[in-house]
Structures are given as C-alpha cells and as structure tokens.
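Visitor: Here it is, the structure in full.
The values are calculated or read from the model by the stated rules, or taken from the named source; none is laboratory data. Quick caveat: nothing in here was measured; it's all calculated off a predicted structure. When we count neighbours, we look across all protein chains shown, and the Cβ atoms used for this are built from the backbone with ideal geometry, even at glycine.
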Amino acid sequence: MKPSLLDKYPKSLLNKGTGFLEGYSHSLNPYTGCSFGCSYCYVRGMPVSLFRSEEWGTWVDLKRGAAELLRKELARAKAKGPVTIFMSSSTDPYQPIEYKEGITRSLLEVMADDPPDFLLLQTRSPLVTRDIDLLRRLGPRARVSMTVETDREDVRKAFSPAAPPIPARLRALRELADAGVGTQAAVAPLLPCTGNFPAALRSVTDRVCIDDYFMGDGSGGKRTARLGLDAVYERLGLSDWYARDAYHAVYKACLSCFPDGAVRLSQKGFLP
C-alpha cells in the first residue's frame, strides 16, 4: 500500500542532538513519517506518530525546499563550531518515496559541496548505493550504518514486512565497502537469528553495532513493551529472544570474528 503524502515547508532542518544522539551536534530528517512502518520502531510511541490520525507507516510528509534550507543552516552551524550530523533519527532517508523525490540525495549534494565534520547515514535500504558518488566525495567524513537486525527472512517478515530483504542489505554493504565508503552493520534491534549471522556480517563490513530494546529505547525497554512485541515473539515460538541477556551470545560471537574495537554496543556504536 502506498503511503499518503503531504507537502511540508519546514522553517528548519537541523535539530540539536540530544538524548541518545547527544554525541552529535545535530540530527537531520529528510522526511517525517516512514513507510517501512517497522513494528518495533520507537517513533510509534512519540508525539509525531501519536498525534496523527493515520497509523504509523501509512503516511509520509515531504520536506520541500530542504536542500536550500540546509545550505543556509549548515553554513551558520559550521560558523559556530564542529558539525556532526545523524541522518536520520525518526525516519529512513531511503524509504521508497526517495526513489521519486530524491530529497535525501539533494541534502547529500549540499553536504558534499560543504562537508560537515562527520555524517552518519542510518538506513535499512539498499537504495543508499545510488548515492555512492556523493558518499565518496565525503570520504572519511561519512559512514553508512545499515540496519541488519537478523539473518532470518521469516523473522524479518514477521517484524518489518515492508522493509527491504536482508540479503539485499548485505549486498549493499558489500557494494559500499568495495567503493571505499565507510560502513557498519547496525544490529538494532537484535532479532532472533542463526549462528551464522556474525560471520555473514563480517563478510560484508568491518564494523558492527549491537543494540536491543532494553539498551536502546531510552526507557530500559518500557517504551517498547507498550508496543506489544512480546506477542510476536510468542507467536514465533521465540520468546527466549525477548530478554535482557539475549544479545550476549551474538555479541560474543561477533567479538570472535571482528577486529578488536570493531564491535560496539548500543549508543557507543552510533557515535561519530
């Protein structure tokens, strides 16, 4: 189902990095809303979602004039000090509408011409490979963080059926790395997976961040609990994975196959 679209003309784009993103000077969201509509997304419980009449995942606001606005805001921000940007914190910058609208690409074009000190580009879409030309211009100032929560397609379909398939994301990570773009796999949140998962990640990237609901939802898992995800785990017969210590085995396995310092947990894994 295609999302309902609404044109918006924001007065600002760069938001101060706070909370989980306090390690960044700014966050940047090309869109409001996200048609991937993942069941575990913390944004479901935030005002931007709760105050809309439509269900999360069924609507997207398009930020018109974004590139021109960013060009002005970025110049002002850089005049005040170092600028580090997390894109995006409450939407996926490469959700399907980006194929047509290209708002994210227009923002990258601005940053390629006037680079911030660092840009972390958080997505779960292979569409990011379209912009390898711009990411290469940013060089070490940019890192693509690709969400890969599991290596099981049945699990992915149960929790995020509208999101891109896992194999396509792994191929995208390899393509980015082969092009010289900095990458990491964001196992966030960790979902039930096989014992081959760490090795599959290591084959396409040299850095991984592991997070779960209890470390990463900003409330020790309470915010996620309100989404009713325990029922999904129970239906799949995988309730043991919905636990505070479920990440330990995957974390240890990643430590054994990634270089020293390349495996990070929760917030530290997303820092510049």
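Visitor: When the residues of segment 215-237 are narrowed to those that are modelled with pLDDT of 90 or more and assigned to a helix (DSSP H, G or I), which ends up farthest from residue 153 (Cα to Cα)?
Guide: Applying the filter and picking the extreme gives 215.
Visitor: Would you be able to say whether some residue in segment 22-42 is without any contact (Cβ under 8 Å) to a residue 24 or more places away in the chain, touching a Gly at 6+ places or on another chain (Cβ under 9 Å) and surrounded by 19 or more Cβ atoms within 10 Å (Cβ to Cβ)?
Guide: For segment 22-42, residues without any contact (Cβ under 8 Å) to a residue 24 or more places away in the chain, touching a Gly at 6+ places or on another chain (Cβ under 9 Å) and surrounded by 19 or more Cβ atoms within 10 Å (Cβ to Cβ): present.
Visitor: Let me ask you something else. Have a look at 167, 189 and point out the one that is within 23 Å of residue 41 (Cα to Cα) and either within 15 Å of the chain's Cα centre (by Cα) or assigned to a loop (DSSP other than H, G, I, E, B) (or both).
Guide: Result of the check over 167, 189: 189.
Visitor: Now for a different question. Show me the helices (runs of 4 or more DSSP H) found entirely inside segment 59-134 where at least 3 residues are crowded, with 21+ Cβ neighbours inside 10 Å.
Guide: In segment 59-134, the matching helices (runs of 4 or more DSSP H) lie at 66-80, 103-113.
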